[in-house]
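Just below is one structure, and these are the notes that go with it.
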Amino acid sequence: MLNIVLHEPEIPANTGNIGRTCVATNTRLHLIEPLGFRLNEKALKRAGMDYWADLDVRTYINFEDFLEKNPGAKIYMATTKAPKVYTEVQYEPDCYIMFGKESAGIPEEILVNHKEDCVRIPMVGDIRSLNLGNSVAIILYEALRQQNFAHMNLEGHLHELSWEQQ
């Protein structure tokens with residue numbers, strides 16, 4: 001099972017959307033406090049829709065608590081400061097992909113200790129960053145693609161027409 005880690009997320013709608021993506025991909029969500037919202041906030045539940053109840057979510061009081069409770073975890077850190085693109089690494093089936101808070105990203109004091117595992121999403125010009133939910137989806141789906149979307153539905157069906165009739 002893949003793991004998404006949000007370090008001090010601030011916007012409940014982003015976390016709700018990420019939670020929904022985690023349910024759709026059978027990914028565990030880890031939230032490192034302080035959070036910019038309460039877990040029972042309406043905006044969080046609205047963004048996560050009725051999927052929130054099915055989410056495997058864990059919370060931690062700080063990054064040290066996260067490390068203590070997940071010893072030996074392989075952690076990739078998404079940051080605009082990384083020299084390596086997210087497609088240049090091979091994601092292990094049980095790895096952790098960490099994202100920082102919307103206003104500041106992952107603190108540099110954490111990044112410097114994980115330089116080799118920092119990845120970035122390419123962007124044009126002076127754009128500061130992408131939306132957190134979009135960034136999670138981009139990197140998470142690359143990790144899932146590398147694992148051939150194991151245990152996921154790979155085929156859909158139209159109700160009115162089948163693909164063979166076209």
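Let me spell it out: the conditions are (1) under 28 Å from His114 (Cα atoms); (2) modelled with pLDDT under 95; (3) not aromatic (Phe, Trp, Tyr), and Asn62 meets all of them except one. Which number is the exception?
It fails just one condition, (2).
Which of the residues that make up segment 82-97 are of a type outside the set (S, T, N, Q), in a helix (DSSP H, G or I) and open to solvent by 50 Å² or more (accessible area, probe 1.4 Å)?
If the condition is that a residue be of a type outside the set (S, T, N, Q), in a helix (DSSP H, G or I) and open to solvent by 50 Å² or more (accessible area, probe 1.4 Å), then Glu88 is the only one that fits.
Give me a count of the residues in segment 105-146 that are of a type in the set (D, E, K, R), in contact (Cβ under 8 Å) with a residue 24 or more places away in the chain and not in a strand (DSSP E or B).
Qualifying residue count for the region: 4.
Every residue, every condition in (1) at positive phi; (2) open to solvent by 60 Å² or more (accessible area, probe 1.4 Å), yes or no:
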site: Phe99; (1), (2): no, no
site: Ser103; (1), (2): no, yes
site: Glu109; (1), (2): no, yes
site: Asp117; (1), (2): no, no
site: Val124; (1), (2): no, yes
site: Ala137; (1), (2): no, no
site: Asn148; (1), (2): yes, yes
site: Asn153; (1), (2): no, yes
site: Gly156; (1), (2): no, no
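When segment 3-22 is examined, which residues are found to be modelled with pLDDT under 95 and over 9 Å from the mean Cα position of the chain (by Cα)?
Residues satisfying the conditions are Ile11, Pro12, Ala13, Asn14, Thr15, Gly16, Asn17, Arg20.
Can you name the residue in segment 1-24 that is open to solvent by less than 10 Å² (accessible area, probe 1.4 Å) and among the β-branched types (Val, Ile, Thr) and is also nearest to Asn62 (Cα to Cα) among such residues?
Selected residue: Val5.
Name, by its number, the condition in (1) more than 25 Å from Asn17 (Cβ to Cβ); (2) out of contact with any strand residue (DSSP E or B) (no Cβ under 6 Å at 6 or more places or on another chain) that does not hold for Gly133.
Single failed check for Gly133: (1).
Any residue at all in segment 147-158 that is within 24 Å of Thr79 (Cα to Cα) and in a helix (DSSP H, G or I)?
No: zero hits.
The values are calculated or read from the model by the stated rules, or taken from the named source; none is laboratory data. Note that the structure is predicted; figures quoted are calculated from it, not measured. Neighbour counts are summed over all protein chains in view; Cβ atoms, including those assigned to glycine, are modelled from backbone coordinates with ideal geometry. Accessible surface is based on the protein model in full, side chains and every heavy atom, while ligands, DNA and RNA are left aside. Shrake-Rupley method; radii C 1.70, N 1.55, O 1.52, S 1.80 Å.
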